[in-house]
Amino acid sequence: MDTSTLAPARRLDWLDNLRIALIALVVVHHAAQAYGPADWWYVENQPRTSVLGTLSAFDGAFFMSLFFFISAYFVPASYDRRGGRPFLTGRLKRLGIPVVVGALTLVPGLMYAYYVRYRDYPAISFPRYFTDVYLGLGEEPADWSGPSWPDLQFGHLWFIQNLLAYSVLYLLCRQAARLLHRHRPRPRTGARPARGPVPGHGSLVLLTVAVTAATFAIRLRYPLDEWIPFLDFIQVEPARVAQYATFFALGIVAFRQDWLNRLPARVGWIWLGIGAALTAVLFAVGSDAGFFGPGGANGPSLLWSAYESALCTALITGLLVLFRERLTAGNRLSRAASSASYTVYIVHVPVVVALQFALSGSGLQAPLSFGLVAALALLISFPLADRIRRLPGFRRVL
């Protein structure tokens, strides 16, 4: 996602188009949160429909893993071009500043709206809420409704925070490799590194099995939608770490091995078909049918881990080939939208929540409310992000 300043010399218009489609899906996903899934959300007591719950489960199975893959694809070139210290400085500026600023502005604003509307405590001003409740400088109420004290969190900025952590790990690995290989003879000038085989059906099946096993093992302790403060700071959902970390690593390998250009189209089309079939099964059965489980040592948990891993692998492989082969056209508008996608990710949740609050109590059914919120949020978020990026100094960060 955060790739606008990391693109290689030859811009990949199809990858811009894929990034736009993914950020639009993120906006749609959050627009559905108030009307479908049972997950916690900033807006409660809205009409619901199980179809949107299934949509949320479908999105969650693959789209953030694909974001990690795309973001990681540009990391090696950035490191190679800049070197270790400038790479870290750039990552802290591009990722660290939005996380810190967002956690001190956007997220407390959203949490305060939830506090005022849904928590049964005496009304307080936002400054007092920010210091006493959000930062936890006040005394914790005896009947605190949680889920944790204080309210401080990173909300949807978790992805940027996790991406920063993965980037730092990549930096440490590169530095360690440099120390280990400093005494090896340098390759001949102009020598091209050997490229390994391109992933085929067998490799993708093995990948699916490995991610399934790791995901199921983690979910024995950490079910879906349970978040923990790793190292007391990094907001992590362990149930999906196996997917995210794996596809981040694969994004790095994909750059080194030129997989985006070398992956056979036939392999991608077949796996896109598998992804489409798995999607049809999910919407036919429904995510709340009892066949799938969020975690634990049980059959539904294993089935859901296997389904998510298969859908994730299939759709990531298939969508990469689909956009590479068919959705290649690029123009000034698409490139601007792609460049703004990172900012859209940061600002879209307040837009979505404001629209959901505006429609609350309107009497509209869940599908119509969802449709209006999704459409309006998309129409507002992209121009808003573009305007924000035009502010003095903002483009250097966003």
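The rows are residues; the columns are (1) among the aromatic types (Phe, Trp, Tyr); (2) closer than 26 Å to Leu95 by Cα; (3) touching a Phe, Trp or Tyr at 6+ places or on another chain (Cβ under 7 Å).
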{"position": "Phe283", "(1), (2), (3)": "yes, no, no"}
{"position": "Ala306", "(1), (2), (3)": "no, no, no"}
{"position": "Gly318", "(1), (2), (3)": "no, no, yes"}
{"position": "Val353", "(1), (2), (3)": "no, yes, yes"}
{"position": "Ser360", "(1), (2), (3)": "no, no, no"}
{"position": "Phe382", "(1), (2), (3)": "yes, yes, no"}
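Can you find a residue that is part of a loop (DSSP other than H, G, I, E, B) and among the basic types (Lys, Arg) anywhere in the range 41-61? Give the steps one after another, and end with the answer.
Within the range 41-61, the first condition is being part of a loop (DSSP other than H, G, I, E, B), and the residues that meet it are 41-49, 61.
Imposing the further condition that a residue be among the basic types (Lys, Arg) reduces the set to 48.
Yes - at least one qualifying residue is present in the range 41-61.
Take the residues in the range 127-158 that are touching a Gly at 6+ places or on another chain (Cβ under 8 Å) and of a type in the set (Phe, Trp, Tyr); name whichever of them is modelled with the lowest pLDDT.
Top of the filtered list is Trp149.
Do you know which residues across the range 283-296 are farther than 21 Å from Trp227 by Cβ and modelled with pLDDT of 90 or more? Lay out the reasoning, then the answer.
Restricting attention to the range 283-296, the residues satisfying the condition of being farther than 21 Å from Trp227 by Cβ are 283-286, 288-291.
Answer for the range 283-296, where residues must be farther than 21 Å from Trp227 by Cβ and modelled with pLDDT of 90 or more: Phe283, Ala284, Val285.
Could you please find all residues in the range 125-142 being farther than 18 Å from Gly102 by Cα and of a type in the set (Gly, Ala, Ser)?
From the range 125-142, those farther than 18 Å from Gly102 by Cα are 125, 128, 132, 137-142; that's our starting set.
Within the range 125-142, Ser125, Gly138, Ala142 qualify.
If I go through the range 381-398 residue by residue, how many of them are part of a helix (DSSP H, G or I) and within 14 Å of Tyr345 (Cβ to Cβ)?
Residues meeting the conditions: 7.
When the residues of the range 165-197 are filtered to those that are modelled with pLDDT of 95 or more and of a type in the set (A, V, I, L, M), which remaining residue is nearest to the chain's Cα centre (by Cα)?
Ranking the candidates gives Ala165 first.
For Ala280, indicate whether it is exposed (fewer than 15 other Cβ atoms within 10 Å of the Cβ) and farther than 19 Å from Leu207 by Cα.
Details: exposed (fewer than 15 other Cβ atoms within 10 Å of the Cβ): yes; farther than 19 Å from Leu207 by Cα: yes.
It is true that Ala280 is exposed (fewer than 15 other Cβ atoms within 10 Å of the Cβ) and farther than 19 Å from Leu207 by Cα.
Taking the criterion of being at pLDDT below 95, buried (at least 22 other Cβ atoms within 10 Å of the Cβ) and of a type outside the set (Lys, Arg), would at least one residue in the range 20-40 satisfy it? Walk me through how you get there before you give the answer.
Taking the range 20-40 as the starting set, the residues that turn out to be at pLDDT below 95 are 36-40.
Remaining after also requiring buried (at least 22 other Cβ atoms within 10 Å of the Cβ): 36-37.
After this cut, where a residue has to be of a type outside the set (Lys, Arg) as well, the list is 36-37.
Yes: the range 20-40 contains one or more residues that are at pLDDT below 95, buried (at least 22 other Cβ atoms within 10 Å of the Cβ) and of a type outside the set (Lys, Arg).
Hey, among the residues in the range 283-315 that are hydroxyl-bearing (Ser, Thr, Tyr) and outside any loop (DSSP other than H, G, I, E, B), which one's surrounded by the fewest Cβ atoms within 10 Å (Cβ to Cβ)?
Out of the qualifying residues, it is Tyr307.
Suppose we filter Gly136, Gly102, Gly109, Gly146 for residues that are outside the structural domain of Pro350 (by TED's automatic domain parsing), in contact (Cβ under 8 Å) with a residue 12 or more places away in the chain and part of a loop (DSSP other than H, G, I, E, B); which single one remains?
Gly136
Residues in the range 225-241 that are within 11 Å of Gly295 (Cβ to Cβ) and either modelled with pLDDT under 95 or polar (S, T, N, Q) (or both): how many?
Residues meeting the conditions: 2.
Residues in the range 358-367: is at least one assigned to a helix (DSSP H, G or I), crowded, with 16+ Cβ neighbours inside 10 Å and over 21 Å from the mean Cα position of the chain (by Cα)?
Keep residues of the range 358-367 that are assigned to a helix (DSSP H, G or I), which gives 358-359, 366-367.
After this cut, where a residue has to be crowded, with 16+ Cβ neighbours inside 10 Å as well, the list is 359, 366.
Subset that is over 21 Å from the mean Cα position of the chain (by Cα): 359, 366.
Scanning the range 358-367 turns up at least one residue that is assigned to a helix (DSSP H, G or I), crowded, with 16+ Cβ neighbours inside 10 Å and over 21 Å from the mean Cα position of the chain (by Cα).
The values are calculated or read from the model by the stated rules, or taken from the named source; none is laboratory data. All figures in this text were calculated on a predicted structure; none of them were measured in a lab. Using ideal geometry, Cβ is built from the backbone for each residue, glycine included, and neighbour counts are taken over all protein chains shown.
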